[in-house]
1. Output wanted: per-residue J couplings in Hz (rounded whole) for the stretch 75-82, from phi through Karplus 6.51 cos²θ - 1.76 cosθ + 1.60, θ = phi - 60°, x for Gly and Pro.
2. Starting from the 7 Å offset along Cα-to-Cβ, what nm value, one decimal, do you get for the label separation of Ala23 and Met1?
3. If the cut-off is a Cα-Cα distance under 26 Å, which lysines reach Lys28, setting aside same-chain residues fewer than 8 apart in sequence?
4. For the stretch 1-42, what is the convex hull volume of the alpha-carbon atoms per residue, in Å³?
5. I need the phi-derived Karplus couplings for the stretch 56-69: 6.51 cos²θ - 1.76 cosθ + 1.60, θ = phi - 60°, integer Hz, Gly and Pro marked x.
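Read-outs: derived from the displayed coordinates by stated rules, not from any lab. Predicted, not measured: the structure shown is a model, and the values here were computed from it. A quick note on method: Cβ atoms are made from the backbone with ideal geometry, for glycine too, and the neighbour counts reach across all protein chains shown.
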Amino acid sequence: MTKAGTLLLLLTAIVAALAGILAFAVSKFFAAARAATKAGREGGAETAFMAAAMEEALQKMRTQERAIRGRDDLRMRFARDLEDAVVVAPRERRAVGRAHPRAGPF
């Protein structure tokens, strides 16, 4: 075999090896893409579970917010009644000469 024939055989082997490596990499890439789309479809149950958990957490927060708002309303009403009893009633008693109806025994 001549030097040119050996060189041609060597270059053909190198090109074949590179083509094999490229084919292997492409097949691995497509396998990974297929696995990713398959995992995405299987994750539907997990997504539904997460959505249900988030909805439950939001419902709990809304319930707590309503309870806090109700307590705040009671506090404001109590503070208003207390102010009427302590501040307004003595002034009215002095001005009118009688007790405020919600003032209590003073």
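1. Going residue by residue, I get 4, 5, 5, 5, 5, 5, 5, 5 Hz, with x marking Gly and Pro.
2. Taking the two extended label points, one gets 2.1 nm.
3. The qualifying lysines are Lys38.
4. 28
5. Those phi angles translate into 5, 5, 5, 5, 4, 5, 5, 4, 5, 5, 5, 5, 5, 4 Hz.
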